[in-house]
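Accompanying notes for the structure given below.
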Amino acid sequence: MRKKCGMQNADCGIQKKLYIICRSFTPKSALRTPNSKGFTLIEVLIFIVMAGILLPAIVVPFATAVKGSGKPEVVNTAMYLAHERMEEFMKFDYGDATLNPTALTSYVNAPVAGYQWQWEILYVPPADLNAPGSPGPDTGYKRIHVRVQDPESDTYDVYSVVTDFP
């Protein structure tokens with residue numbers, strides 16, 4: 001008794017009277033069923049292509065962030081040095097020789113390696129403390145400007161004004 005399996009291009013036969021064996025041109029391993037295990041070659045290739053596109057998009061911003069993560073420390077050090085130098089000037093009275101008008105000095109090495117600082121002390125008019133300063137005449141206001149340069153040649157400025165008033 002022969003039974004047909006209903007598939008075209010298949011050789012069907014009966015073995016041990018009740019079992020049907022069907023052989024087709026499509027191997028069973030190439031068919032995906034819900035119980036299939038593993039990945040096909042095309043799925044692996046698609047994954048590799050997608051990873052090649054997405055991975056750089058994720059890694060580049062991360063690498064940039066890591067590279068720039070040291071900048072806040074550099075900024076804090078530079079600002080600390082600028083404020084330190086400013087405090088050294090601010091401890092003197094208006095008439096002290098340390099606060100005599102001085103044009104912008106050349107850079108001098110700061111106490112921290114790689115950092116340099118410079119400063120100027122100029123008279124400014126009382127009506128506009130942001131106006132360009134001058135070495136004279138005495139206006140009763142002196143603007144102190146401290147600039148610090150970090151190892152990457154970025155500069156940080158701190159300003160203060162001292163007066164001749166009690």
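Throughout, read-outs are computed from the coordinates displayed, never taken from laboratory work. Quick caveat: nothing in here was measured; it's all calculated off a predicted structure. Reconstructed Cβ throughout: ideal geometry from the backbone, glycine too, with neighbour counts over all protein chains shown.
Among the residues of the range 44-99, which ones are basic (Lys, Arg) and surrounded by 10 or more Cβ atoms within 10 Å (Cβ to Cβ)? Result: 71, 85.
Which of (1) out of contact with any strand residue (DSSP E or B) (no Cβ under 9 Å at 6 or more places or on another chain); (2) assigned to a strand (DSSP E or B) is the odd one out, the single condition residue 157 does not satisfy? Of the numbered conditions (1) out of contact with any strand residue (DSSP E or B) (no Cβ under 9 Å at 6 or more places or on another chain); (2) assigned to a strand (DSSP E or B), the odd one out for residue 157 is (1). Residue count for the range 94-104 under the criterion of being part of a loop (DSSP other than H, G, I, E, B) and in contact (Cβ under 8 Å) with a residue 40 or more places away in the chain: the result is 4. Filtering the range 141-166 to residues that are over 19 Å from residue 108 (Cβ atoms) and without any contact (Cβ under 8 Å) to a residue 60 or more places away in the chain leaves 141, 142, 143, 161, 165, 166. Any residue at all in the range 123-137 that is in contact (Cβ under 8 Å) with a residue 24 or more places away in the chain, in a loop (DSSP other than H, G, I, E, B) and touching a helix residue (DSSP H, G or I) at 6+ places or on another chain (Cβ under 9 Å)? No, the conditions are met nowhere in the range 123-137. Each residue in the range 62-93 was checked for being part of a helix (DSSP H, G or I) and either under 19 Å from residue 159 (Cα atoms) or in contact (Cβ under 8 Å) with a residue 24 or more places away in the chain (or both), and 17 of them qualify.
The set of residues in the range 105-122 that are more than 33 Å from the chain's Cα centre (by Cα) and either surrounded by fewer than 15 Cβ atoms within 10 Å (Cβ to Cβ) or not in a strand (DSSP E or B) (or both) contains only 105.
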